[in-house]
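Right, one structure below, let's go through it.
The values are calculated or read from the model by the stated rules, or taken from the named source; none is laboratory data. Note that this is a predicted model, so its numbers are computed, not measured. Cβ coordinates were reconstructed from backbone atoms using ideal geometry, including for glycine residues, and neighbour counts include every protein chain displayed. Ligands, DNA and RNA are excluded from the accessible area calculation, which covers all protein heavy atoms including side chains. Shrake-Rupley method; radii C 1.70, N 1.55, O 1.52, S 1.80 Å.
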Amino acid sequence: MFQGKSFLKEIDFTKDELVYLIDFAIHLKKLKQAKISHQYLAGKNIALLFEKTSTRTRAAFTVAANDLGAQPEFLGQNDVQFGKKESTADTAKVLGAMFDGIQFRGFKQNDVESLAQNAGVPVWNGLTDTWHPTQMLADFMTIKEVFGDYVGKNLVYIGDGRNNMANSLLVTSAILGVNVTIIAPNDLQPELEIQKIAHEKATLTGAVLTITDDTSAVKGADVIYTDVWVSMGEEDKYDERVQKLLPYQVNAALFAKTENENCIFMHCLPAFHDLNTRTMAEIHEKYDLTELEVTDEIFKSVKSVVFQEAENRLHTIKAVMAATLGNLFIPKV
Ligand code: CP
Ligand code: NVA
């Protein structure tokens with residue numbers, strides 16, 4: 001059902017298809033842990049085209065390709081003509097003629113859509129300004145691992161409600177039937193167009209959607225999720241965002257408001273929770289803060305599943321690549 005298909009945004013997939021990919025990833029994780037070979041993509045070549053930086057997505061696509069028996073090739077923004085001297089369509093035709101699949105991380109959603117229209121091979125969205133679909137599979141896989149299921153759970157995303165993560169969490173929750181609350185200042189709440197899509201999807205699953213600026217809406221949360229306050233490409237916005245989003249920091253006081261001692265903490269990473277990065281050291285100098293969207297205390301607490309979530313990027317990205325490119329014979333564990 002997935003063969004030859006691209007993975008560009010969540011709304012291109014039904015609930016059943018997303019559930020299949022999450023469950024397939026859980027299976028692939030077991031195969032990896034049991035050291036059972038799963039080289040469904042032997043002989044294939046995979047292009048990894050990056051306009052923005054990445055640790056998890058790049059590492060996950062690289063290791064997933066290797067585990068599947070394929071050969072990954074990293075094409076960074078300083079290495080290729082794309083974006084400067086060559087159009088998206090021309091790049092797509094060239095790469096599509098040589099590679100069997102293409103990962104793209106970049107700014108515009110239109111670029112990843114145009115790559116897919118012109119490449120003739122599956123294209124996978126490794127993050128754009130609008131959506132982060134492979135992250136969604138890892139996140140809901142992690143929630144399933146922790147709680148046994150995601151349906152009926154209450155997911156609260158707090159912070160910058162107008163970025164790729166907020167968009168993807170809102171819409172994917174609606175598709176999967178997960179209750180989702182976005183807590184953000186009024187002018188950082190999801191665009192109306194995104195809200196409309198989410199509401200349409202929620203009518204099919206009964207997911208309850210709430211969008212508010214009131215932090216007391218964390219009450220009853222099973223998951224508190226946050227992301228950076230300044231996303232890649234908007235680095236000039238620290239002044240405005242730090243000021244606006246400090247009341248939305250994930251800290252012990254916010255967790256207490258959930259009134260749920262089993263509530264977990266999630267973050268797609270990277271996170272600003274201590275002074276151990278150059279950017280955070282600069283922020284410290286300017287604003288006298290040592291942590292931004294989440295406190296170090298919460299980040300390192302037993303509630304935090306962020307590294308399990310990061311590892312699951314590998315298994316879910318592997319599931320997407322294998323399902324869209326492979327001739328699947330799935331061995332039993
Ligand atoms: N979560 C995520 O996409 O991480 P990277 O930016 O490191 O790939
Ligand atoms: N919103 C963040 C997500 C990083 C994985 C960004 O786009 O920079």
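Here is how the numbers come out for the structure above:
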item	result
Test result for residue 119, open to solvent by less than 60 Å² (accessible area, probe 1.4 Å) and closer than 18 Å to residue 324 by Cβ	yes
Matching option when the condition is under 22 Å from the mean Cα position of the chain (by Cα), in contact (Cβ under 8 Å) with a residue 24 or more places away in the chain and more than 16 Å from ligand 2 (Cβ to nearest atom), among 106, 101	101
Filter result (within 16 Å of ligand 1 (Cβ to nearest atom) and in contact with a helix residue (DSSP H, G or I) (Cβ under 8 Å, 6 or more places away or on another chain)) within segment 250-288	265, 266, 267, 268, 269, 271, 272, 273
Residues located in segment 138-152, provided they are of a type outside the set (Ser, Thr, Tyr) and either part of a helix (DSSP H, G or I) or crowded, with 24+ Cβ neighbours inside 10 Å (or both)	138, 139, 140, 141, 143, 144, 145, 146, 147
Residue identified as within 16 Å of ligand 1 (Cβ to nearest atom), of a type in the set (S, T, N, Q) and open to solvent by less than 40 Å² (accessible area, probe 1.4 Å) among 77, 135	135
Qualifying residue in segment 89-98 (condition: modelled with pLDDT of 95 or more and either under 22 Å from residue 310 (Cβ atoms) or assigned to a loop (DSSP other than H, G, I, E, B) (or both))	no
Candidate set from segment 252-273 (those that are exposed (fewer than 15 other Cβ atoms within 10 Å of the Cβ) and in a loop (DSSP other than H, G, I, E, B)); member that is nearest to ligand 2 (Cβ to nearest atom)	262
Residue count for segment 202-229, restricted to those that are touching a residue at least 60 places away in the same chain (Cβ under 8 Å) and either within 16 Å of ligand 2 (Cβ to nearest atom) or surrounded by 22 or more Cβ atoms within 10 Å (Cβ to Cβ) (or both)	9
Within segment 178-191, tally of residues that are open to solvent by 10 Å² or more (accessible area, probe 1.4 Å) and not in a helix (DSSP H, G or I)	5
Among (1) among the small types (Gly, Ala, Ser); (2) over 19 Å from residue 133 (Cα atoms); (3) free of Cβ contacts under 8 Å to residues at least 40 places away in the same chain, the one test that residue 174 misses	(2)
So residue 149, is it more than 12 Å from ligand 2 (Cβ to nearest atom) and under 25 Å from residue 259 (Cα atoms)	yes
Scope segment 28-60; condition within 16 Å of ligand 2 (Cβ to nearest atom) and under 17 Å from residue 307 (Cα atoms); matching residues	54, 55, 56, 57, 58, 59, 60
Test: residue in segment 234-245 that is touching a residue at least 60 places away in the same chain (Cβ under 8 Å), closer than 27 Å to residue 313 by Cβ and in a helix (DSSP H, G or I)	yes
